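Reading through the structure tokens given below for one structure.
The values are calculated or read from the model by the stated rules, or taken from the named source; none is laboratory data. In this text, all values refer to a predicted model and were calculated from it rather than measured experimentally. We place every Cβ from the backbone using ideal geometry, glycine too, and count neighbours over all the protein chains shown.
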Amino acid sequence: MSEIIRVEHLKKYFLFKEGIFSRRVKYLKAVNDVSFSINRGETLALVGETGSGKTTTGRTILRLYEPTGGKIFFEGKEITNIPKREFKKIRVQMQMIYQDPYSSLNPRMNIFNIIAEPLRELKYEDIEDRVLELLESVGLRKEHMFKYPDEISGGQQQRVAIARALGVNPKFLVLDEPTSALDVSVQAQILNLLENLQKERGFTYLFISHDLSVVRYISQRVAIMYLGKIMEIGTVEQVFENPQHPYTKLLLESVPVPDPKDRKRRKKLILPGEIPSPLNPPSGCPFHTRCPVAKEICREKEPEYVEVEKGHFVKCHFPG
Ligand SMILES: Nc1ncnc2c1ncn2[C@@H]1O[C@H](COP(=O)(O)OP(=O)(O)O)[C@@H](O)[C@H]1O
Ligand SMILES: [Mg+2]
């Protein structure tokens, strides 16, 4: 198995000013020492509540944000600090699909131009044929070519975003909650499409989601994120069948029962207590303020990772 992506101790801090006139600045540690790798053809899911740092992790890997610290490797080559010009060639092999397809598409361009734009930039030939091919590969037809984003459905918009990303022949895709803005009926279609594309083309995915039922279905490995840190990581089987972190257990218990009549419930992760502000994260283990089994040491000392079984790591003083 060859590794396509590796991050080591990745950090992304945002400078945060307390009020417009304030001179006090603080760091918001959105991604705070994250390490993982993804093998070719594999899907790693990144799971956690809103604000845990999932999107920032994805964007930092693609250097849409410059990392504050740590290292990023693509196919064994470190890309953390390589010059923008050199990075450009690598960057096209990494694409991102966003949660809200409409805002990721230029509303003033028709579908043809949206998909053709990156191809023109890379000086591809036979652009028309290629756009048609791409439309077909995402289940759209020629008729869609001259429509505008607001003239097609959310599911179709997401298909267009996927076609645009595929045009440049990427190897690695960050899928940032690609179905959570879509109707339930359409969600499964888009997930199937992403799965089939992966099978056909050997794509590697970082699949960001807070829907554990989807994660279980689509990924091989899972990383559970909380306040900028990975609390537990392992195969789907390890994490779902043998969760070790109290936070993971809480997340698993909060998986809503699928109810086809209730569209909204499926999407919400409702956990007891509130997620602390990342501007003032708790001392010690960041989860201790909500943890049902926290002890004195959890307030004082941040736990190290423990490998509870092969490839299954947990950051907790009292795993299991
Ligand atoms: N561009 C930004 N500038 C400042 N703070 C940000 C920015 N993007 C995200 N954040 C903050 O970083 C934290 C993590 O956000 P995000 O990565 O979007 O989490 P998630 O995707 O898990 O919901 C949040 O507290 C968010 O407010
Ligand atoms: Mg997000």
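Spot the failing condition for residue 102; the list is (1) of a type outside the set (A, V, I, L, M, F, W, C); (2) in a helix (DSSP H, G or I); (3) within 15 Å of ligand 1 (Cβ to nearest atom), and only one is missed. Tallying (1) of a type outside the set (A, V, I, L, M, F, W, C); (2) in a helix (DSSP H, G or I); (3) within 15 Å of ligand 1 (Cβ to nearest atom), residue 102 fails exactly one: (3).
Among the residues of the stretch 1-52, the one identified as among the small types (Gly, Ala, Ser), more than 15 Å from ligand 1 (Cβ to nearest atom) and touching a Ser or Thr at 6+ places or on another chain (Cβ under 7 Å) is 41.
When the helices (runs of 4 or more DSSP H) confined to the stretch 105-221 are screened for residues that are at pLDDT 95 or above, those reaching at least 3 such residues are found at 111-121, 127-137, 154-166, 184-201. If we scan the stretch 68-83, do we find a residue that is within 16 Å of ligand 2 (Cβ to nearest atom) and either in contact with a Gly (Cβ under 7 Å, 6 or more places away or on another chain) or on the phi < 0 side of the Ramachandran plot (or both)? Checking the stretch 68-83: not a single residue is within 16 Å of ligand 2 (Cβ to nearest atom) and either in contact with a Gly (Cβ under 7 Å, 6 or more places away or on another chain) or on the phi < 0 side of the Ramachandran plot (or both). Taking residues in the stretch 41-60 that are closer than 17 Å to residue 251 by Cβ, and partners anywhere that are charged (D, E, K, R) and within 9 Å of ligand 2 (Cβ to nearest atom), the pairs with Cβ atoms closer than 8 Å and at least 6 places apart or on different chains are 46/54; 47/54; 48/54; 54/176. Under the condition of being free of Cβ contacts under 8 Å to residues at least 60 places away in the same chain, surrounded by 23 or more Cβ atoms within 10 Å (Cβ to Cβ) and among the polar types (S, T, N, Q), the residues counted in the stretch 158-189 number 1. Restricting 87, 74, 36 to residues that are modelled with pLDDT under 95 and among the hydrophobic types (A, V, I, L, M, F, W, C) narrows the list to 87.
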